[in-house]
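None of the figures in this text is laboratory data; all of them are computed from the coordinates on show. Worth saying up front: this structure is predicted, and the values here are computed from it rather than measured. All Cβ positions, glycine included, derive from the backbone under ideal geometry; neighbour counts span all protein chains shown.
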Amino acid sequence: MSIRLLPYAAALLLACTVGALHSPAQTRQAEAQFHRAQAFEEAGDLQRAEALYRELLAAEPTNVVYFDAVQRVMLRSKRYDELSMLIREQLRLRPNDIPLRVTLGNVCTKAGRDEEARAIWEQILSITPCNPLHYRLVASAMVENRLLESAAEVYRRARTSCNNPDLFVVELAQLLSASMDYRAAAEEYVRWLRRNPAQISLVQSRMGSFTWKEDARKAAIDAVRAELEKSDDPRLRELLGWLFLEGKEFEAAYDVYREVDRQTAAQGKALLLFAERAFRERAYAVSARAYLDAINVPLPEAQRPGARYGYANALKEMDAQADTLEGPLLPGIARPSRSRYAGALLEFRRVIEEYPSSDYAAQASYQIGRIQFERYFDLDAALRAFEEAARSLRAKNPLRYDISLRIGDVYLARGDTVNAAGRYLAVAAAPDALPDQGDEASFRLAEIEYFGGRFQEAMRRLSAISLNLKADFANDALSLASFLEENAQTSPEALRTVAAADFAVRRSNNGEALVGLRDALVRFPTAPLADDVLLKIGYLEEASGRHREALAAFERLLEEFRAPSAPRDRAQFAVGEIYERGLHDAPGAIAAYQRLLEDFPHSVLASDARRRIRLLRGDAL
């Protein structure tokens, strides 16, 4: 309970308190001694600091700054018995100083004299039974000494004594959660929300300190449901929906938010907020349903374009998830999928038709272009969509640089490195491009240099990139930089052959790429990049549906290349994916993933391998 003052504030208060009682010379002398004591205290020489502080206090026994300084030093020295005697001397001078009495109890507790401390605190509360401030001071001292249950009881006593059941709700809730009484803590927060419905964000923030634990979240859900049985309050329902979202229980949350929207006549806006949250959490199926429900309520006209665009995006991500689940993840290799994305394309086109002059229309065209390019590899359709997005976008929208990057990607996939470089250079030189956009443009330019066999120029461009590791292209950029550093000097001819094959892959000419890679393996069998060549061959074989040939490439890599730098963990993981998604052989996949865990326990793929094993065994949904 000691008062800590900044040096400047302490000096100012010191000057005010002693200046009226002493001559200027005495005042300056006291200030100088106080500053010397502070210097000793900051240096850790507590004994000398205390001696100087005590001299000042002896001269001015009622000076609270001097007393606080002595108290502070004695607390640091853990001389609690002596300090309690000093506090009692001060109380003879200031008998009505309640905070000082609370401090005496605090010091007695630290000295191990718990009964004495409780008697002191009890006396304070008995003298002024209806003063909430005194209850707060006593409870805070108890909390400082980890007497959490006693502090909670003090807060409850304050409610009874002051005849105010809403006193100290937040403080008591925090204490109860620290004591792991989550149900009671949640009940306190519910009490607060009932009295302060506009503060639901505060309640969610405070409850978030414990609702990440499953048992705590379930206790909170039970508390909210119990209160809802007494009163069907929309704010409580909103809190219940939030709790379900915290636990990733999206279907349950969806039902709650539908009811909230109906109860509050929100016209779909509550559903829209839920849909956006579920989308961010990658619960795309329930997000899509919520978007559509919100649209059909119907939403106010101002929110409808965003909701329609959100719905289309959710459909797109649902199809992307299904694509991922159907086959192995193949780095850098497009796999056309005409069986999907029809619904998403239809909805994006609907956004363009219904809101033709909005930014949502431009964004919808951009998403159509990405589907045509990344999923169908229809370069002409993709280019038309991107160009339409660029025409309809407002001049200052940063999406224009993403569009320019994607147009560059289309040109590069056509083999037109000149026009592709022009697009990338424009983004790299743009002063208002986002950092990630500029970095991606530089990376794509480095790729063009690499494809053309200009390895030093490629490395120079890569070295200038300051990567945000959350960016989509970051891993590719780091991999290319490492690949070039390892091989540009030791085996440049082999590297040129591989670069040409990688360029063929970019142009979706996997047959040409396979020929080049096999040629590199024959001509440069001892080159450091031979293991990477086998990995690329395996990926390409799998992309072409030749599962056995892909397995042969990966297994050869695992057998013949045992250097620590070899991508053996990726090859082993790819073997598991082929068994799982290509050959639909669950036991073979489990064995492959298990081998990865045994042979490469520290691989970044280990956690994903464990997850796949659990899924294949039926241990998780």
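Observations on the model:
- Each label point was placed 7 Å from the Cα along the Cα-to-Cβ direction; for R48 and R523 their separation is 7.8 nm.
- Neighbour-limited loop hits for chymotrypsin sites (Phe, Trp or Tyr not before Pro), the stretch 237-295 (at most 13 other Cβ within 10 Å; DSSP other than H, G, I, E, B): none
- Under the Debye formula (equal points on every Cα, no solvent term), log10 I(q)/I(0) of the stretch 503-621 at q = 0.12, 0.14 Å⁻¹: -0.45, -0.60
- Cα-based Kirkwood hydrodynamic radius, the stretch 220-302, one decimal, Å: 12.7 Å
- Annotation note: trypsin sites (Lys or Arg not before Pro) in the stretch 453-491 located in DSSP loop regions with a Cβ neighbour count of at most 11 within 10 Å are K470.
- Counting only Cα atoms, the size of the stretch 138-283 along its three principal axes is 48, 30, 21 Å, in decreasing order.
- Along its three principal directions, the equivalent ellipsoid of the stretch 73-185 from the Cα gyration tensor extends over semi-axes of 26, 17, 9 Å, largest first.
- Each peptide in 374-380, 600-606 was scored by the mean count of other Cβ atoms within 10 Å over its residues; highest first, the order is 374-380, 600-606.
- Partner lysines for K78 [C-alpha distance under 18 Å; skip if fewer than 8 residues away on the same chain]: K110
- Pairs exceeding 24 Å between alpha-carbon atoms, taken from K269/K470; K248/K269; K230/K269; K248/K316; K213/K316; K218/K248: K269/K470; K230/K269; K213/K316.
- For the stretch 345-431: relative contact order, % (alpha-carbon pairs under 8 angstrom, 6 or more apart): 21 percent
- As a proxy for reagent exposure, ranking C130, C108 by other Cβ atoms within 10 Å from fewest up yields C130, C108.
- Taking only the C-alpha atoms of the stretch 462-517, the Rg (one decimal) and the largest Cα-Cα distance, Dmax (whole number), read 13.0, 35 Å.
- Chymotrypsin sites (Phe, Trp or Tyr not before Pro) restricted to the stretch 562-621 and DSSP loop, no more than 11 other C-beta within 10 Å: none
- Counted over the stretch 435-490 with a bin width of 5 Å, the fraction of Cα pairs per bin, in whole percents, is 4, 24, 35, 23, 11, 4, 1.
- Between L425 and E549, the distance separating the two model label sites (each 7 Å from Cα on the Cα→Cβ line) works out to 3.9 nm.
- Inter-centroid distance (Cα atoms) of the stretch 170-248 relative to the stretch 498-530, Å: 59 Å
- Using alpha-carbon coordinates, inclination of helix 98-110 to the longest axis of the chain, degrees: 70 degrees
- Quarter of the Cα convex hull surface for the chain, i.e. its orientation-mean projected area (nm²): 39.5 nm²
- Here the average projected area of the convex hull drawn through the C-alpha atoms of the stretch 516-570 stands at 3.5 nm².
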